[in-house]
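Asker: Starting off with a structure, shown below.
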Amino acid sequence: MDQLTIYTDGASRGNPGQAASAWLILRGDEVLESDVLTLGRATNNVAEYSALNAALRRAARFCTPKETRVEVFSDSNLMISQMTGRYAVRSEDLRPLYEKAKELASVFASVNYTHVPRENAYVGSCDWLCNNALDLLSQKPAPVQKKIECVPIGIVHSPFTNPEDAPRQGIFTDKPSRITIYEKYRDGLFGLAAGDKVFILCWFDRAERDILKVKPHGHGKGEMRGVFSTRAPVRPNPISLTLVTIISINDLVLTVKGLEALDTTPVLDIKPYYGDIDS
């Protein structure tokens, strides 16, 4: 006849409060499983029963239950006394857990329950697992701030030198602008041709970055709106997206129509326009 030994513990900080259940399953001196389960908000007694049920469920995977005797040890005097029939189960919260424990235990040849003090080394290990899990839950993760670096690929040469001179959108101007691409990005121009429509992404380096509400031009009823619902150049990250037509390409210089960017505006990227997905 096979024999497994189970040690369990449950912990709740606040009772009820954040709770965890832990267990050890052994065959002789060999630890078959050591695990912990967090429960959210629960009482200590619920945590104790949850540990027992999890351990009984897991133990069945390590043996042929009908040919296995199980010895359960816990420092919960209430749970052990209820499982052995010495105490009645009066708590409505515990009764479903008690009944589930009886059901899980019924598949084994026998299950015996013994109360042991918290000082028991194996129960102490379960207690450590519970408290370590609750410690991790109580730790607030530090905010992760990823550094994002944008590298300009070129620069705009535009007839617009002041914001007052520039059109609200590139569609409102026929004045051509030139974009000089830096030498190291030469190969990225391969495949572009005069007549192509492309999106130009620029960094509006002179735009304000701490304004979150504006009155958009030409849309809405003049009411204040958040910048994310507008095309306003002011925004936390002043990245512009403008659809232009390439008039000509001369080495590293693209002459385009429909760009509203100011002179010397950094260019971040160029992307093709595809009518089947962008229209």
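Asker: Scan the stretch 98-127 for residues that are open to solvent by less than 60 Å² (accessible area, probe 1.4 Å) and farther than 28 Å from MET1 by Cα and jot them down. Can you show your working first?
Answerer: Pass one, the stretch 98-127, residues open to solvent by less than 60 Å² (accessible area, probe 1.4 Å): 98, 101, 104-105, 107-111, 113-114, 116, 120, 123-127.
The answer is GLY124, ASP127.
Asker: Quick check: is even one residue across the stretch 152-162 surrounded by 18 or more Cβ atoms within 10 Å (Cβ to Cβ), part of a helix (DSSP H, G or I) and in contact (Cβ under 8 Å) with a residue 40 or more places away in the chain? I'd like the intermediate steps shown before the answer.
Answerer: The initial filter retains those residues of the stretch 152-162 that are surrounded by 18 or more Cβ atoms within 10 Å (Cβ to Cβ), namely 153-156, 158, 160.
This time we only want the ones that are part of a helix (DSSP H, G or I), so: none.
No, that holds for no residue.
Asker: Looking at ASP263, ASP251, can you tell me which residue is under 20 Å from TYR182 (Cβ atoms) and without any contact (Cβ under 8 Å) to a residue 60 or more places away in the chain? Walk me through it before giving the result.
Answerer: On the way: ASP263 fails: without any contact (Cβ under 8 Å) to a residue 60 or more places away in the chain.
The unique qualifying residue is ASP251.
Asker: Same structure again: Is it the case that GLU30 is more than 19 Å from GLY124 (Cα to Cα), loosely packed, with under 15 Cβ neighbours inside 10 Å and among the acidic types (Asp, Glu)?
Answerer: On the way: more than 19 Å from GLY124 (Cα to Cα): no; loosely packed, with under 15 Cβ neighbours inside 10 Å: yes; among the acidic types (Asp, Glu): yes.
No.
Asker: A further question follows. For the structure I just gave you, tell me whether ASP135 is over 22 Å from ASP251 (Cβ atoms), part of a helix (DSSP H, G or I) and open to solvent by less than 100 Å² (accessible area, probe 1.4 Å). Show your work before the answer.
Answerer: Numbers: over 22 Å from ASP251 (Cβ atoms): yes; part of a helix (DSSP H, G or I): yes; open to solvent by less than 100 Å² (accessible area, probe 1.4 Å): yes.
Considered against the rule, which asks whether it is over 22 Å from ASP251 (Cβ atoms), part of a helix (DSSP H, G or I) and open to solvent by less than 100 Å² (accessible area, probe 1.4 Å), ASP135 comes out as yes.
Asker: When the residues of the stretch 120-151 are filtered to those that are free of Cβ contacts under 8 Å to residues at least 40 places away in the same chain and charged (D, E, K, R), which remaining residue is nearest to GLY188 (Cα to Cα)?
Answerer: By that ranking, first place goes to GLU149.
Asker: Shifting gears a bit: Which residue is modelled with the highest pLDDT, if the candidates are limited to the stretch 163-177 and must be under 18 Å from PRO238 (Cα atoms) and open to solvent by 90 Å² or more (accessible area, probe 1.4 Å)?
Answerer: So the first thing to find is which residues in the stretch 163-177 are under 18 Å from PRO238 (Cα atoms), and the list is 163-164, 166-170.
With open to solvent by 90 Å² or more (accessible area, probe 1.4 Å) added as a condition, the list becomes 164, 168.
Working: GLU164: 77, ARG168: 72.
The qualifying residue modelled with the highest pLDDT is GLU164.
Asker: Here's something else I'd like to know. Collect the residues in the stretch 265-279 that are modelled with pLDDT of 95 or more and among the charged types (D, E, K, R), keeping them in residue-number order.
Answerer: Scanning the stretch 265-279 gives ASP269, LYS271.
Asker: Return the residues of the stretch 60-72 that are within 20 Å of ALA121 (Cα to Cα) and buried (at least 19 other Cβ atoms within 10 Å of the Cβ); say none if nothing qualifies. Walk me through how you get there before you give the answer.
Answerer: Narrowing the stretch 60-72 to residues within 20 Å of ALA121 (Cα to Cα): 70-72.
Those that are within 20 Å of ALA121 (Cα to Cα) and buried (at least 19 other Cβ atoms within 10 Å of the Cβ): VAL70, VAL72.
Asker: Mind checking which residues of the stretch 138-151 are more than 30 Å from ILE200 (Cα to Cα), open to solvent by 90 Å² or more (accessible area, probe 1.4 Å) and hydrophobic (A, V, I, L, M, F, W, C)? If you could, list the steps in order and put the result at the bottom.
Answerer: Quick first cut of the stretch 138-151, residues more than 30 Å from ILE200 (Cα to Cα) only: 138-144.
Still in the list and also open to solvent by 90 Å² or more (accessible area, probe 1.4 Å): 139-141, 143-144.
The one that is more than 30 Å from ILE200 (Cα to Cα), open to solvent by 90 Å² or more (accessible area, probe 1.4 Å) and hydrophobic (A, V, I, L, M, F, W, C): VAL144.
Asker: Can you tell me which of LEU189, LEU201, LEU134 is within 30 Å of LEU24 (Cα to Cα) and at pLDDT 90 or above? If you could, list the steps in order and put the result at the bottom.
Answerer: Details: LEU189 fails: within 30 Å of LEU24 (Cα to Cα); LEU201 fails: within 30 Å of LEU24 (Cα to Cα).
That would be LEU134, the only listed residue that is within 30 Å of LEU24 (Cα to Cα) and at pLDDT 90 or above.
Asker: Okay, next question. Is it fair to say THR84 is open to solvent by 10 Å² or more (accessible area, probe 1.4 Å), of a type in the set (S, T, N, Q), in contact with a strand residue (DSSP E or B) (Cβ under 6 Å, 6 or more places away or on another chain) and closer than 20 Å to ALA121 by Cα? I'd like the intermediate steps shown before the answer.
Answerer: Details: open to solvent by 10 Å² or more (accessible area, probe 1.4 Å): yes; of a type in the set (S, T, N, Q): yes; in contact with a strand residue (DSSP E or B) (Cβ under 6 Å, 6 or more places away or on another chain): yes; closer than 20 Å to ALA121 by Cα: no.
Considered against the rule, which asks whether it is open to solvent by 10 Å² or more (accessible area, probe 1.4 Å), of a type in the set (S, T, N, Q), in contact with a strand residue (DSSP E or B) (Cβ under 6 Å, 6 or more places away or on another chain) and closer than 20 Å to ALA121 by Cα, THR84 comes out as no.
The values are calculated or read from the model by the stated rules, or taken from the named source; none is laboratory data. Not measured: the values here are computed from a predicted model. Positions of Cβ are backbone-derived with ideal geometry, glycine not excepted, and every protein chain shown enters the neighbour counts. Heads up: the accessible areas ignore ligands, DNA and RNA and are worked out on the full protein's heavy atoms, side chains in. Shrake-Rupley method; radii C 1.70, N 1.55, O 1.52, S 1.80 Å.
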